[in-house]
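Reading through the structure tokens given below for one structure.
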Amino acid sequence: MRLACETDPNIIRADASARIGDGHVVRCLALGRELAARGHRTAFASHEHTLKMADHGEITEAVAAARALENTQIALLHCISAYPEPLEECNRATIDDLAGSFDVVAGLSDHTLDTTVAIGAVARGASIIEKHFTLRRSDGSPDSGFSLEPRELDELVQGCQSAWNAIGVASYARQASEQDSVVFRRSLYLVRDIKPEENFSSKNVRSIRPGYGLATKHLARVIGSTATHDFTRGTPRDWSMISPGSESQ
């Protein structure tokens with residue numbers, strides 16, 4: 001899941017808690033500009049909330065500032081600043097909108113209690129996942145209640161990799177793994193021997209397994225047509241077996 005780059009990314013958290021002072025993405029622009037000028041890839045992680053965190057306009061300003069310094073490797077992480085984060089407020093569709101609206105790599109800073117939402121975000125195309133981690137929740141740190149333990153982190157990594165690999169492309173073609181399943185489809189086969197110019201009929205053509213003959217939907221066109229040659233029982237039907245112009249329309 002790591003993005004390829006010449007230098008490690010600098011992720012600036014722009015949504016600090018009230019205990020250390022509310023963060024604000026605009027306040028971080030100077031630091032971001034300086035890092036970008038030095039050739040570093042910089043990402044802002046910020047909750048989108050007009051009263052406290054970065055709103056859409058401020059995110060636009062941050063992205064423009066980075067691009068003004070010819071920084072083309074920009075990532076935006078969707079984040080809800082609640083600990084833990086209520087599922088009904090996740091709004092993971094925002095990840096798609098960030099990627100489309102700003103033409104950037106989009107990801108998720110996740111504060112839910114398990115790995116389900118993060119893995120689902122990867123299935124939607126999130127390229128970066130940020131998650132709190134602890135060796136033991138029983139330690140009682142401020143973040144421990146919504147942090148992952150080592151076993152859960154392993155599950156997150158494996159689940160994200162599986163979800164990413166499963167995205168693929170939009171395709172309705174038969175996949176390589178489906179080839180053996182063709183045997184379970186029905187298609188048109190000869191069930192009796194037939195001679196040249198003999199008519200195909202319901203007595204010598206039938207829809208049976210496997211699926212290597214003409215599709216069953218062509219049965220009406222085949223019935224009543226004439227054979228071009230001798231064909232034996234068990235031959236899968238194809239159009240070359242029909243005398244030109246003899247099939248039903």
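The values are calculated or read from the model by the stated rules, or taken from the named source; none is laboratory data. The structure displayed is predicted, hence computed values, not measured ones. Cβ placement follows ideal geometry from the backbone for every residue including glycine, while neighbour counts extend to all protein chains displayed.
Structure data summary
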item: Close pairs (7 angstrom Cβ cut-off, 6 or more residues apart or separate chains): closer than 14 Å to residue 92 by Cβ in region 108-136, of a type in the set (Lys, Arg) and modelled with pLDDT of 95 or more anywhere; result: none
item: Filter result for the condition that a residue is within 33 Å of the chain's Cα centre (by Cα) and surrounded by fewer than 13 Cβ atoms within 10 Å (Cβ to Cβ), over 149, 178; result: 178
item: Strands (runs of 3 or more DSSP E) enclosed by region 126-223 - at least 3 residues per element that are more than 30 Å from residue 235 (Cβ to Cβ); result: 128-131
item: Region 203-213, subset over 42 Å from the mean Cα position of the chain (by Cα) and within 30 Å of residue 178 (Cα to Cα), residue surrounded by the fewest Cβ atoms within 10 Å (Cβ to Cβ); result: 204
item: Set 216, 228: member being under 30 Å from residue 178 (Cβ atoms) and assigned by TED's automatic domain parsing to the domain that holds residue 180; result: 216
